[in-house]
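What follows is calculated from the coordinates using simple rules that are stated; it is not laboratory data. Everything quoted here is computed from the prediction, not taken from an experiment. Cβ sites come from the backbone with ideal geometry, for glycine too, and all protein chains shown count toward neighbours.
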Amino acid sequence: MSQNLPLSGRIAVITGASSGIGEAAARELAEQGAAVALLARRKERLDSLAADLRAAGGRALPLAVDATDRAAVAEAARTIAGELGAVDLVINNAGVMLPSGVEEHRVADFEQMIAVNLTGVMRIVDAFVDPLIAAAKRGGPSDLINISSIGAHGVFPTFAVYCATKAAVTHLSRNLRAELGPRHVRVSVIEPGFVNTELQSHMTDEAAKAWIESARRQITWLSAADVASTIAFTAGLPRHVNLQQVTIMPTQQV
């Protein structure tokens with residue numbers, strides 16, 4: 001790939017890379033010159049995506065990893081360092097949305113959202129914070145970009161646990177920025193509104209599904225590529241410029 005591309009020389013880790021925003025981000029970052037490590041649970045999808053990126057002249061490393069598994073994430077970090085090099089860009093994107101009323105007692109769903117949306121985020125931070133600090137010390141750009149949601153600020157019946165996990169990600173990002181920003185590591189949080197991805201397809205609550213489908217019919221949603229271009233823009237800014245918090249919404253969504 002051309003050395004004049006905006007993200008040439010960057011080595012990125014992307015979680016939730018097998019579909020949606022993660023897949024779109026992988027394609028966008030690779031197109032802009034970054035080498036990409038693709039992390040998700042679905043190996044076949046990752047392998048297919050990596051093949052596409054390599055065919056287009058990019059560098060891609062697919063790794064079937066559950067972001068909630070500390071040992072697996074640590075092993076992935078070692079593999080990435082050995083095969084791609086020193087990571088300087090992390091897209092913390094893996095997430096799940098399983099709304100239901102608290103009186104339904106779907107404790108397994110609550111626990112899964114907390115495990116993936118919050119614990120998984122911290123597993124990735126823990127595994128890659130040292131490389132990010134090292135990249136900043138070398139004088140180059142260094143980015144931790146966490147994907148949250150407008151749910152971090154909203155109040156939606158049956159989405160209480162999901163919104164709580166995203167509020168945690170947003171506030172975590174602000175505090176990590178206070179800790180890492182003085183060391184030249186940029187921390188950003190991106191909060192999308194409605195985006196056409198697989199996220200909604202995993203829901204089982206019928207009322208929530210009906211509400212989502214009604215919103216889909218009434219307004220034009222964002223595409224995953226819309227969010228991916230925002231991620232790439234954020235990472236491509238000069239080293240001293242940090243978009244701390246970006247809310248990206250469909251124009252018609254209120």
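Can you check what the net charge comes to around L89, using other residues whose Cβ is under 11 Å from the Cβ of L89 (Lys, Arg +1; Asp, Glu -1)? Value of the local net charge: 0.
The residues packed around H240, meaning those with a beta-carbon under 15 Å from its beta-carbon, carry a net charge of +3 if Lys and Arg are +1 and Asp and Glu are -1. Compared with the dominant principal axis of the Cα atoms in the chain, helix 20-31 is inclined by about 20°. The lysines whose alpha-carbon is closer than 28 Å to the alpha-carbon of K166, local same-chain residues fewer than 8 away aside, are K43, K209.
The Cα-based radius of gyration of the stretch 131-254, divided by its Kirkwood radius, gives an Rg/Rh of 1.04. Beta-bridge orientation, the chain: approximately 0 percent antiparallel, per DSSP, counting only bridges with both partners inside.
Rg of the Cα atoms in the stretch 178-244, relative to 2.2 N^0.38 Å, amounts to 1.52. Expressed per residue, the C-alpha convex hull volume of the chain stands at 120 Å³. Evaluated with a Cβ-only charge set (Lys, Arg +1; Asp, Glu -1), the stretch 130-254 carries a dipole of roughly 500 debye about its Cα centre, given to the nearest 20.
Each stretch of four or more DSSP H residues adds -39500 (n - 2.57); spread over every residue of the chain, this sum gives -14000 deg cm²/dmol at 222 nm. For the chain, averaging the sequence separation of C-alpha pairs within contact (under 8 Å, six or more residues apart) and dividing by the residue count gives a relative contact order of 19 percent. Here the Karplus relation 6.51 cos²θ - 1.76 cosθ + 1.60, evaluated at θ = phi - 60°, turns the backbone of the stretch 8-19 into coupling constants of 4, x, 7, 10, 10, 10, 10, 8, x, 7, 7, 6 Hz, with x for every Gly and Pro. Given A40, S142, V246, which one lies farthest toward the positive end of the charge dipole of the chain, if we put +1 on the Cβ of every Lys and Arg and -1 on the Cβ of every Asp and Glu? Farthest along the dipole direction, towards plus: S142. For the stretch 3-116, the dipole from Cβ point charges (+1 on Lys and Arg, -1 on Asp and Glu) about the Cα centre works out to 380 debye, to the nearest 20. Each of V241 and H153 was given a label point 7 Å from its Cα along the Cα-to-Cβ line. The distance between the two points is 2.2 nm.
Placing +1 on each Lys and Arg Cβ and -1 on each Asp and Glu Cβ, with no other charges, gives the chain a dipole about its Cα centre of roughly 740 debye.
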